[in-house]
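Take a look at the structure set out below.
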Amino acid sequence: MHSTPPTNIEPPDDKAVIELISPDRLNPYLTACAGDSTTALALYRWNSDLAAAFFEPLGHLEIMLRNALDARLVVRQQRRGRTTEWYIDGQVPLGGKAHGDIAQAQERAGRGGTAATPRGKVIAELSFGFWRFLLARQYKTSLWPDLAGAFPHAPNRALTTVENPVKRLHQFRNRIAHHEGIWHLSLEARRDDIQTVLGFISPTAATWVADASRIDDVLARRP
(Lines give C-alpha, C1' and ligand atoms only; values in the text may rest on other atoms or scores of the structure.)
Protein backbone atom coordinates (compact mmCIF):
# COMPACT_ATOMS: atom_id res chain seq x y z
CA MET A 1 0.00 0.00 0.00
CA HIS A 2 1.49 3.28 -1.09
CA SER A 3 1.41 6.16 1.33
CA THR A 4 0.11 9.46 0.14
CA PRO A 5 2.85 12.08 0.04
CA PRO A 6 2.24 14.96 2.45
CA THR A 7 0.51 17.93 0.94
CA ASN A 8 2.58 21.09 0.94
CA ILE A 9 0.76 23.78 2.87
CA GLU A 10 1.20 27.13 1.23
CA PRO A 11 1.90 30.09 3.49
CA PRO A 12 -1.01 32.48 3.83
CA ASP A 13 -1.39 34.96 1.02
CA ASP A 14 -0.90 38.37 2.66
CA LYS A 15 -2.54 40.09 -0.29
CA ALA A 16 -5.77 38.12 0.09
CA VAL A 17 -5.93 38.81 3.83
CA ILE A 18 -5.24 42.51 3.31
CA GLU A 19 -8.01 42.75 0.72
CA LEU A 20 -10.51 41.15 3.10
CA ILE A 21 -9.53 43.33 6.04
CA SER A 22 -9.33 46.27 3.58
CA PRO A 23 -6.27 48.24 2.49
CA ASP A 24 -7.64 51.42 4.06
CA ARG A 25 -7.88 49.77 7.48
CA LEU A 26 -4.39 48.31 7.19
CA ASN A 27 -2.68 51.40 5.78
CA PRO A 28 -1.64 52.76 9.21
CA TYR A 29 -0.09 49.39 10.05
CA LEU A 30 1.70 49.18 6.71
CA THR A 31 3.02 52.70 7.18
CA ALA A 32 4.30 51.85 10.66
CA CYS A 33 5.99 48.73 9.27
CA ALA A 34 7.64 50.40 6.26
CA GLY A 35 5.29 48.64 3.85
CA ASP A 36 6.14 45.11 5.03
CA SER A 37 2.79 43.31 4.79
CA THR A 38 3.78 40.34 6.97
CA THR A 39 4.91 42.58 9.81
CA ALA A 40 1.87 44.82 9.36
CA LEU A 41 -0.47 41.84 9.68
CA ALA A 42 1.40 40.70 12.79
CA LEU A 43 0.92 44.18 14.26
CA TYR A 44 -2.77 44.08 13.31
CA ARG A 45 -3.19 40.70 15.02
CA TRP A 46 -1.37 41.99 18.11
CA ASN A 47 -3.69 44.98 18.17
CA SER A 48 -6.64 42.56 18.25
CA ASP A 49 -5.07 40.62 21.12
CA LEU A 50 -4.47 43.87 22.94
CA ALA A 51 -8.06 45.03 22.44
CA ALA A 52 -9.33 41.73 23.85
CA ALA A 53 -7.00 42.03 26.84
CA PHE A 54 -8.27 45.54 27.59
CA PHE A 55 -11.93 44.71 27.02
CA GLU A 56 -12.11 42.37 30.00
CA PRO A 57 -11.03 44.87 32.70
CA LEU A 58 -13.01 47.61 30.95
CA GLY A 59 -16.07 45.39 31.29
CA HIS A 60 -15.44 44.95 34.99
CA LEU A 61 -14.96 48.70 35.33
CA GLU A 62 -18.21 49.48 33.52
CA ILE A 63 -20.25 47.14 35.72
CA MET A 64 -18.67 48.32 38.97
CA LEU A 65 -18.93 51.99 38.00
CA ARG A 66 -22.60 51.80 37.08
CA ASN A 67 -23.49 49.85 40.23
CA ALA A 68 -21.60 52.33 42.41
CA LEU A 69 -23.32 55.33 40.77
CA ASP A 70 -26.73 53.65 40.84
CA ALA A 71 -26.33 52.96 44.57
CA ARG A 72 -25.65 56.63 45.26
CA LEU A 73 -28.69 57.71 43.24
CA VAL A 74 -30.84 55.27 45.23
CA VAL A 75 -29.53 56.80 48.45
CA ARG A 76 -30.27 60.26 47.04
CA GLN A 77 -33.89 59.25 46.42
CA GLN A 78 -34.27 57.79 49.89
CA ARG A 79 -32.83 60.88 51.56
CA ARG A 80 -35.30 63.06 49.68
CA GLY A 81 -38.23 60.84 50.56
CA ARG A 82 -38.84 59.87 46.95
CA THR A 83 -40.47 56.47 46.38
CA THR A 84 -40.04 56.25 42.60
CA GLU A 85 -36.94 54.91 40.87
CA TRP A 86 -34.46 57.68 40.16
CA TYR A 87 -34.43 56.96 36.44
CA ILE A 88 -38.18 57.67 36.08
CA ASP A 89 -38.44 60.46 38.63
CA GLY A 90 -39.01 63.80 36.92
CA GLN A 91 -37.45 65.60 39.89
CA VAL A 92 -34.03 64.09 39.21
CA PRO A 93 -32.25 66.78 37.14
CA LEU A 94 -31.24 64.66 34.14
CA GLY A 95 -30.64 66.16 30.72
CA GLY A 96 -32.57 65.37 27.55
CA LYS A 97 -30.02 62.89 26.23
CA ALA A 98 -30.03 61.03 29.54
CA HIS A 99 -33.82 60.74 29.40
CA GLY A 100 -33.54 59.41 25.86
CA ASP A 101 -30.97 56.82 26.95
CA ILE A 102 -33.24 55.74 29.80
CA ALA A 103 -36.24 55.34 27.49
CA GLN A 104 -34.19 53.15 25.16
CA ALA A 105 -32.88 51.10 28.08
CA GLN A 106 -36.40 50.54 29.36
CA GLU A 107 -37.53 49.46 25.91
CA ARG A 108 -34.68 46.97 25.55
CA ALA A 109 -35.11 45.68 29.10
CA GLY A 110 -38.84 45.12 28.60
CA ARG A 111 -38.62 43.06 25.42
CA GLY A 112 -39.04 39.84 27.42
CA GLY A 113 -42.74 40.62 27.70
CA THR A 114 -42.95 40.72 31.51
CA ALA A 115 -45.51 43.01 33.10
CA ALA A 116 -42.96 44.63 35.39
CA THR A 117 -39.37 44.96 34.21
CA PRO A 118 -36.88 44.44 37.07
CA ARG A 119 -34.90 47.61 37.75
CA GLY A 120 -31.67 45.65 37.49
CA LYS A 121 -32.37 44.95 33.82
CA VAL A 122 -32.94 48.64 33.13
CA ILE A 123 -29.72 49.61 34.91
CA ALA A 124 -27.78 46.96 32.97
CA GLU A 125 -29.12 48.30 29.67
CA LEU A 126 -27.77 51.80 30.31
CA SER A 127 -24.56 52.21 28.35
CA PHE A 128 -21.12 53.16 29.56
CA GLY A 129 -21.71 56.49 27.84
CA PHE A 130 -24.74 57.17 30.02
CA TRP A 131 -22.72 56.74 33.23
CA ARG A 132 -19.77 58.64 31.85
CA PHE A 133 -22.00 61.66 31.12
CA LEU A 134 -23.49 61.54 34.62
CA LEU A 135 -20.00 62.65 35.60
CA ALA A 136 -20.05 65.60 33.18
CA ARG A 137 -19.71 69.13 34.46
CA GLN A 138 -23.37 69.93 33.76
CA TYR A 139 -24.16 67.90 36.91
CA LYS A 140 -21.43 69.42 39.05
CA THR A 141 -23.81 71.26 41.38
CA SER A 142 -26.87 69.01 41.05
CA LEU A 143 -25.88 65.32 41.08
CA TRP A 144 -22.15 65.31 41.75
CA PRO A 145 -22.43 66.09 45.49
CA ASP A 146 -24.28 62.77 45.80
CA LEU A 147 -22.36 60.83 43.16
CA ALA A 148 -19.03 61.74 44.76
CA GLY A 149 -19.86 59.18 47.45
CA ALA A 150 -19.39 56.42 44.87
CA PHE A 151 -15.65 57.16 45.01
CA PRO A 152 -14.81 57.04 48.71
CA HIS A 153 -11.12 56.37 48.07
CA ALA A 154 -10.52 59.25 45.66
CA PRO A 155 -7.92 61.75 46.92
CA ASN A 156 -10.49 64.57 46.84
CA ARG A 157 -14.10 65.29 45.92
CA ALA A 158 -13.31 67.28 42.77
CA LEU A 159 -15.45 66.18 39.84
CA THR A 160 -12.55 66.34 37.39
CA THR A 161 -10.55 63.86 39.47
CA VAL A 162 -13.03 61.18 38.42
CA GLU A 163 -14.40 62.63 35.21
CA ASN A 164 -11.09 62.91 33.37
CA PRO A 165 -9.98 59.25 33.55
CA VAL A 166 -13.55 58.00 32.97
CA LYS A 167 -13.82 60.24 29.88
CA ARG A 168 -10.53 58.87 28.52
CA LEU A 169 -11.63 55.29 29.17
CA HIS A 170 -14.99 55.87 27.49
CA GLN A 171 -13.27 57.15 24.34
CA PHE A 172 -10.76 54.29 24.49
CA ARG A 173 -13.50 51.67 24.92
CA ASN A 174 -15.38 53.10 21.94
CA ARG A 175 -12.30 52.66 19.75
CA ILE A 176 -12.08 49.03 20.81
CA ALA A 177 -15.81 48.46 20.30
CA HIS A 178 -15.52 49.79 16.74
CA HIS A 179 -12.43 47.64 16.00
CA GLU A 180 -10.20 50.68 15.60
CA GLY A 181 -6.49 50.59 16.20
CA ILE A 182 -5.19 51.19 19.70
CA TRP A 183 -1.60 49.99 19.24
CA HIS A 184 -0.29 53.54 18.81
CA LEU A 185 -2.02 55.01 21.89
CA SER A 186 -0.78 55.52 25.46
CA LEU A 187 -1.65 51.99 26.52
CA GLU A 188 0.08 51.96 29.89
CA ALA A 189 -1.75 55.19 30.74
CA ARG A 190 -5.13 53.64 29.87
CA ARG A 191 -4.26 50.56 31.92
CA ASP A 192 -3.46 52.88 34.83
CA ASP A 193 -6.73 54.81 34.31
CA ILE A 194 -8.68 51.57 34.78
CA GLN A 195 -6.87 50.85 38.02
CA THR A 196 -7.18 54.45 39.18
CA VAL A 197 -10.96 54.63 38.78
CA LEU A 198 -11.48 51.19 40.30
CA GLY A 199 -9.21 52.20 43.15
CA PHE A 200 -11.37 55.27 43.78
CA ILE A 201 -14.37 52.95 44.13
CA SER A 202 -12.75 50.04 45.96
CA PRO A 203 -9.05 49.13 46.26
CA THR A 204 -10.08 45.52 46.79
CA ALA A 205 -11.95 45.52 43.48
CA ALA A 206 -8.99 47.17 41.75
CA THR A 207 -6.67 44.42 42.98
CA TRP A 208 -9.13 41.71 41.94
CA VAL A 209 -9.28 43.08 38.40
CA ALA A 210 -5.52 43.63 38.16
CA ASP A 211 -4.73 40.10 39.32
CA ALA A 212 -6.52 38.61 36.29
CA SER A 213 -5.47 41.22 33.74
CA ARG A 214 -3.62 40.04 30.63
CA ILE A 215 -2.69 43.54 29.51
CA ASP A 216 0.95 43.52 30.60
CA ASP A 217 1.54 40.08 29.09
CA VAL A 218 0.16 41.19 25.73
CA LEU A 219 2.05 44.49 25.84
CA ALA A 220 5.29 42.52 26.28
CA ARG A 221 4.61 40.55 23.09
CA ARG A 222 4.50 43.53 20.74
CA PRO A 223 5.89 42.48 17.34
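Quick look at the values:
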{"read-out": "Highest average packing first - 81-89, 62-70, Cβ atoms within 10 Å", "value": "62-70, 81-89"}
{"read-out": "Theoretical FRET efficiency, 1/(1+(r/R0)^6), r = Cβ-Cβ of Ala124 and Asp192, R0 35 Å, to 0.05", "value": "0.80"}
{"read-out": "Dipole of the chain, positive end: most advanced residue of Ile21, Gly35, Gln91 [Cβ charges, Cα centre]", "value": "Gln91"}
{"read-out": "Heavy-atom accessible area per residue - the chain, 1.4 Å, Å²", "value": "57 Å²"}
{"read-out": "Pairwise label distance in nanometres, Glu180 with Val75, each label 7 Å out on the Cα-Cβ vector", "value": "3.5 nm"}
{"read-out": "Full-extension gain in nm, Asp14 to Thr39, via 0.36 nm per residue minus C-alpha separation", "value": "8.0 nm"}
{"read-out": "Correct choice for Cα Rg over 2.2 N^0.38 Å that was computed from the model, options [x] 1.06; [y] 1.32; [z] 1.24", "value": "[y]"}
{"read-out": "Full-stretch length increase - Gln91, Lys167 - with 0.36 nm per residue and alpha-carbon distance subtracted", "value": "24.7 nm"}
{"read-out": "Count of Lys pairs (Cα-Cα under 21 Å; at least 8 positions apart or interchain) in the chain", "value": "4"}
{"read-out": "Simple Cβ-charge dipole of the chain, Lys/Arg +1 and Asp/Glu -1, about Cα centre, in debye nearest 20", "value": "1200 debye"}
{"read-out": "Heavy-atom accessible surface of region 105-191: percent carbon and sulfur, 1.4 Å", "value": "49 percent"}
{"read-out": "Asp216 versus Ala103: modelled label distance in nm, points set 7 Å from Cα along the beta carbon direction", "value": "4.8 nm"}
{"read-out": "In nm, spacing of pseudo-spin labels at Arg82 and Asp49 (7 Å Cα→C-beta vector)", "value": "4.8 nm"}
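The values are calculated or read from the model by the stated rules, or taken from the named source; none is laboratory data. If you're wondering where the values come from, they're calculated on a predicted model, not measured in any experiment. Note that each Cβ is placed from the backbone with ideal geometry, even for glycine, and that neighbours are counted across all protein chains shown. Please note that ligands, DNA and RNA were not included when accessible areas were found on the heavy atoms of the full protein model with its side chains. Shrake-Rupley method; radii C 1.70, N 1.55, O 1.52, S 1.80 Å.
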